Amino acid sequence: MRIDVVTIFPEIFEGFLSQSLVKAAQDRGLVDIRLHDLRTFADGKRQDVDDYPFGGGAGMVMMPEPIVRAIEQLRTDGPETRVVLTSAQGARYDQRMAARFAGEERIILVAGRYKGVDERVVEGWVTDEVSVGDYVLSGGEIGAVVIIDSIIRLLPGVVGNFESVETDSFYDMILGSPQYTRPAEFRGRSVPKVLLSGNHEQIRVWRRTQALRRTLERRPDLIKAASLSEEDRRLIAEILAARKTTQHEHGG
């Protein structure tokens, strides 16, 4: 997979790309990440990439020409190449979107800045406008780092044991189950006995139950979007029944 990153601050990415899983994936040829300074696509000695907004108002807007010029020069694989813009106005990024992006051979990732990008760029050249959360960052570079990292770990061969990825929170839109390691006893708190039982089927069911319970408690909105199995539905029914019983016993 190839990811081209267009940004006015390529140095923000350098430390991230030279560490851990991301560096290993590049060294093994599983992903090719290329940084492009947007200013090199701008005109004039100052290489301006922003200007005042039409209609007045505070802030600056990223000019269309440098971004479009960058996209057109990098889009060597044809117009179908996915162009992703990080933007506070974009669709909220999630694991399903990460999986779709990971299935692409090529992505051009444009890091937005200032008050935003000239809307004509979004209308004519951007395929996906994405926000990594309902908050505002100083620039889209950090959002781009989040997107790159989430994509790379889904590429075949990047994570040695893919089961580790499959049990991550949000992989199937369900939060992960609680995790424990040694020691089995720590300051009066014990690891659940089922995890020490050696019974793999009981452990699997326990973990799935805990994952569903945690999702119901912390992110019930995800349940509606998840693809639930018959077993999941049965476990959820048992969780809700137990919760109702507990509330009744405590007069809730």
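The values are calculated or read from the model by the stated rules, or taken from the named source; none is laboratory data. What you are looking at is a predicted structure, and each value in this text was computed from that prediction instead of being measured. We place every Cβ from the backbone using ideal geometry, glycine too, and count neighbours over all the protein chains shown.
Name every residue in the range 199-227 that is in a loop (DSSP other than H, G, I, E, B) and at pLDDT below 95, in order of residue number. Show your work before the answer.
Applying the first criterion (in a loop (DSSP other than H, G, I, E, B)) to the range 199-227 yields 199, 219, 226-227.
Listed by number, the residues that qualify are 219, 226, 227.
Take the range 10-30 and flag every residue that is assigned to a helix (DSSP H, G or I) and touching a strand residue (DSSP E or B) at 6+ places or on another chain (Cβ under 7 Å). Reasoning before the result, please.
Residues of the range 10-30 assigned to a helix (DSSP H, G or I): 11-17, 20-27.
Of everything in the range 10-30, those that are assigned to a helix (DSSP H, G or I) and touching a strand residue (DSSP E or B) at 6+ places or on another chain (Cβ under 7 Å) turn out to be 13, 17, 26.
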inquiry  = Let me spell it out: the conditions are (1) surrounded by 14 or more Cβ atoms within 10 Å (Cβ to Cβ); (2) part of a loop (DSSP other than H, G, I, E, B), and residue 134 meets all of them except one. Which number is the exception?
reply    = (1)
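Does at least one position in the range 65-80 carry a residue that is out of contact with any Ser or Thr (no Cβ under 6 Å at 6 or more places or on another chain), assigned to a helix (DSSP H, G or I) and polar (S, T, N, Q)? So that I can check it myself, show each step before the final result.
Start the filter on the range 65-80 by keeping residues that are out of contact with any Ser or Thr (no Cβ under 6 Å at 6 or more places or on another chain), which leaves 65-74, 76-80.
Among the residues that remain, those that are also assigned to a helix (DSSP H, G or I) are: 65-74.
Now drop any that are not polar (S, T, N, Q), which leaves 73.
Among the residues of the range 65-80, at least one is out of contact with any Ser or Thr (no Cβ under 6 Å at 6 or more places or on another chain), assigned to a helix (DSSP H, G or I) and polar (S, T, N, Q), which makes the answer yes.
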key: Search result, residues across the range 1-44 that are among the small types (Gly, Ala, Ser), at pLDDT 95 or above and closer than 23 Å to residue 71 by Cα   = 42
query = Out of all the residues in the range 160-183, is one or more part of a helix (DSSP H, G or I), of a type in the set (D, E, K, R), modelled with pLDDT of 95 or more and more than 19 Å from residue 6 (Cα to Cα)?
reply = no
query = Considering only residues of the range 231-252 that are more than 13 Å from residue 211 (Cα to Cα) and β-branched (Val, Ile, Thr), which is modelled with the highest pLDDT?
reply = 245
key: Residues within the range 19-33 that are farther than 12 Å from residue 157 by Cα, charged (D, E, K, R) and in contact (Cβ under 8 Å) with a residue 24 or more places away in the chain, tallied   = 1
message = Name the residue that is surrounded by the most Cβ atoms within 10 Å (Cβ to Cβ), counting only residues in the range 198-227 that are under 10 Å from residue 174 (Cβ atoms) and β-branched (Val, Ile, Thr).
response = 215
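Any chance the range 40-53 includes a residue that's in the same structural domain as residue 123 (by TED's automatic domain parsing) and within 16 Å of residue 83 (Cα to Cα)?
Initial filter on the range 40-53 (in the same structural domain as residue 123 (by TED's automatic domain parsing)): 40-53.
Applying the additional criterion that residues be within 16 Å of residue 83 (Cα to Cα) yields none.
No - not one qualifying residue is present in the range 40-53.
Name every residue in the range 144-159 that is surrounded by 14 or more Cβ atoms within 10 Å (Cβ to Cβ), part of a loop (DSSP other than H, G, I, E, B) and at pLDDT 90 or above, in order of residue number. Break it down stepwise before answering.
Just the residues of the range 144-159 that are surrounded by 14 or more Cβ atoms within 10 Å (Cβ to Cβ), to begin with: 144-155, 158-159.
Adding the requirement that they be part of a loop (DSSP other than H, G, I, E, B) leaves 153-155, 158-159.
153, 154, 155, 158, listed by residue number.
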ask   = Is it the case that the range 115-123 has a residue that's of a type in the set (D, E, K, R) and touching a helix residue (DSSP H, G or I) at 6+ places or on another chain (Cβ under 6 Å)?
value = yes
remark   = Apart from one, (1) of a type in the set (Gly, Ala, Ser); (2) at pLDDT below 95; (3) not in a loop (DSSP other than H, G, I, E, B) all hold for residue 98; the odd one out is (2)
task = Check 81, 76 and return the single one that is modelled with pLDDT under 95 and either in the same structural domain as residue 231 (by TED's automatic domain parsing) or touching a Lys or Arg at 6+ places or on another chain (Cβ under 6 Å) (or both).
result = 81
task = Take the range 125-158 and flag every residue that is within 23 Å of residue 70 (Cα to Cα), hydroxyl-bearing (Ser, Thr, Tyr) and in contact (Cβ under 8 Å) with a residue 40 or more places away in the chain.
result = 127, 131
Some residue of the range 88-106 being more than 15 Å from residue 127 (Cα to Cα), among the polar types (S, T, N, Q) and surrounded by 15 or more Cβ atoms within 10 Å (Cβ to Cβ) = yes
